[in-house]
1. What strands (runs of 3 or more DSSP E) completely inside region 299-387 contain at least 1 residues that are at pLDDT below 95 and polar (S, T, N, Q)?
2. Take the residues of region 12-51 that are surrounded by fewer than 21 Cβ atoms within 10 Å (Cβ to Cβ) and closer than 17 Å to GLU129 by Cβ: which is modelled with the lowest pLDDT?
3. Filter region 114-149 for residues that are outside any loop (DSSP other than H, G, I, E, B) and charged (D, E, K, R); which is most open to solvent (accessible area, probe 1.4 Å)?
4. Go through region 314-344 and give me each residue that's more than 17 Å from GLY109 (Cα to Cα) and open to solvent by less than 10 Å² (accessible area, probe 1.4 Å).
5. Here are the criteria: (1) part of a helix (DSSP H, G or I); (2) hydrophobic (A, V, I, L, M, F, W, C); (3) at pLDDT 95 or above. Tell me which single one TRP81 does not satisfy.
6. Can you tell me which residues in region 150-163 are assigned to a loop (DSSP other than H, G, I, E, B) and crowded, with 19+ Cβ neighbours inside 10 Å?
7. Of the numbered conditions (1) surrounded by 15 or more Cβ atoms within 10 Å (Cβ to Cβ); (2) among the basic types (Lys, Arg); (3) part of a helix (DSSP H, G or I), ARG189 satisfies every one except a single condition; which is it?
8. What is the one condition in (1) assigned to a helix (DSSP H, G or I); (2) crowded, with 19+ Cβ neighbours inside 10 Å that SER269 does not satisfy?
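The values are calculated or read from the model by the stated rules, or taken from the named source; none is laboratory data. Please read these numbers as outputs of a predicted model, since none were measured by experiment. Here Cβ is always computed from backbone atoms with ideal geometry, including for glycine, and neighbour counts include all displayed protein chains. All accessible areas refer to the heavy atoms of the entire protein, side chains included, with ligands and DNA or RNA removed. Shrake-Rupley method; radii C 1.70, N 1.55, O 1.52, S 1.80 Å.
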Amino acid sequence: MRYLTAGETHGPQLTAIIEGFPSNVNLNFDELNFQLQRRQKGYGRGRRMQIEKDTANIVGGVRHGKTTGAPIALVVENNDWKHWTTVMGIEPIADDSEGKRRVNRPRPGHADLNGGLKYNQKDLRNILERSSARETTMRVACGAVARQLLAEFGIKVAGQVIRIGEVEVQRQELSMDELIRVTEESPVRVVDSVAEAKMIAAIDAAKEDGDTLGGIVEVIIEGAPVGLGSHVQWDRKLDGRIAQAVLSIQAFKGVEFGIGFEASQRRGSLVHDEIVYTEEGGFRRKSNRAGGFEGGMTTGEPIVVRGVMKPISTLYKPLQSVDIDTKEAFTAQVERSDTCAVPAAGVIMENVIAWEVAQAFMEKFGGDSLEEIRGNLNNYLAQVESY
């Protein structure tokens with residue numbers, strides 16, 4: 001199972017094609033678009049989210065509400081395209097045209113300069129239009145499709161914001177359903193109302209200063225069976241693949257599982273999860289410090305992943321840069337952006353992880369139809385139970 005995406009932030013549309021998705025999965029269109037709408041929310045988002053009302057149109061691979069086994073084609077139209085038809089049109093225009101809105105002052109922390117050098121582009125708009133986080137719209141759409149496959153097998157996905165700037169939440173023990181409900185009602189996707197108020201104040205202060213804020217988000221997946229992923233090759237380790245997926249999200253700079261970096265400060269007796277066996281539950285761990293993974297494979301405990309998002313690199317009080325034409329010092333170009341996108345990034349992280357888990361699930365129990373996959377899973381669970 002795989003997907004490809006295409007499209008630019010101010011182009012006419014964003015497109016994705018999913019290949020290898022099984023047949024006979026009921027696809028809930030409202031749930032698909034709900035995930036796209038979640039991505040657009042969150043305190044600290046910019047004006048672009050007031051313009052776009054992301055809705056995915058399915059133009060292939062689904063008939064009468066069910067997947068057919070053919071590639072699934074998804075399209076999200078950009079409402080803002082009407083203001084950018086000349087700037088982003090495919091027809092040639094004069095190199096010195098004002099209509100190109102050429103970008104020649106790269107933003108520190110963004111892909112502008114590296115991409116311009118790599119692809120030999122003297123208009124850095126050709127880089128920023130694709131490297132923009134607008135691209136994650138289609139990754140969320142693909143993840144939303146994957147979530148519906150996981151849901152067929154009782155696998156749930158939830159996320160929460162742990163930190164924004166210097167404000168960290170007070171952790172609470174909640175069920176998955178309660179975690180989903182509480183965070184969905186919070187403008188910064190937290191379970192701690194005191195931290196929520198402080199985060200909103202911090203975002204307002206950063207906006208007033210023309211600055212931006214990053215943070216930490218956590219994703220939990222419950223119900224994944226033991227044995228997804230593999231220890232036999234480095235690139236089959238599922239935690240490694242999830243880490244790569246998280247770090248591929250724009251502005252993410254770190255990832256950890258379970259207690260993560262804290263493990264470096266503890267003795268082994270306070271890091272590893274003791275194993276127990278019960279007639280009712282089989283083999284289990286007494287704790288979940290490993291975040292649901294050992295040897296690159298799921299343990300059957302909840303998958304717990306945290307990602308670190310740096311502050312967005314477009315600042316309304318821009319940092320120093322260099323004009324790529326004159327090589328003189330200037331302030332960086334300003335593009336429309338957010339003050340804080342951490343709550344939205346958490347939604348993106350949920351969906352890219354859901355995709356990786358669904359892909360590993362298909363590798364383990366793969367079949368061309370939902371019914372074949374269910375049979376393969378049931379046989380495997382019977383084998384595990386009799387171990």
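1. Numbers: elements: 303-309, 320-322, 329-331.
Of the strands (runs of 3 or more DSSP E) lying wholly inside region 299-387, those with at least 1 residues that are at pLDDT below 95 and polar (S, T, N, Q) span 320-322, 329-331.
2. ARG48
3. Filtering region 114-149 down to residues outside any loop (DSSP other than H, G, I, E, B) leaves 114-119, 125-131, 133-149.
Now drop any that are not charged (D, E, K, R), which leaves 118, 125, 129-130, 134-135, 139, 147.
Values: LYS118: 145, ARG125: 12, GLU129: 5, ARG130: 82, ARG134: 10, GLU135: 27, ARG139: 21, ARG147: 35 Å².
Looking at residues that are outside any loop (DSSP other than H, G, I, E, B) and charged (D, E, K, R), I get LYS118.
4. Filtering region 314-344 for residues more than 17 Å from GLY109 (Cα to Cα) gives 325-328, 343-344.
Answer for region 314-344, where residues must be more than 17 Å from GLY109 (Cα to Cα) and open to solvent by less than 10 Å² (accessible area, probe 1.4 Å): PRO343, ALA344.
5. (3)
6. Here is the first cut: in region 150-163, the residues assigned to a loop (DSSP other than H, G, I, E, B) are 152-155.
The one that is assigned to a loop (DSSP other than H, G, I, E, B) and crowded, with 19+ Cβ neighbours inside 10 Å: ILE155.
7. (3)
8. Only one criterion is unmet by SER269, namely (2).
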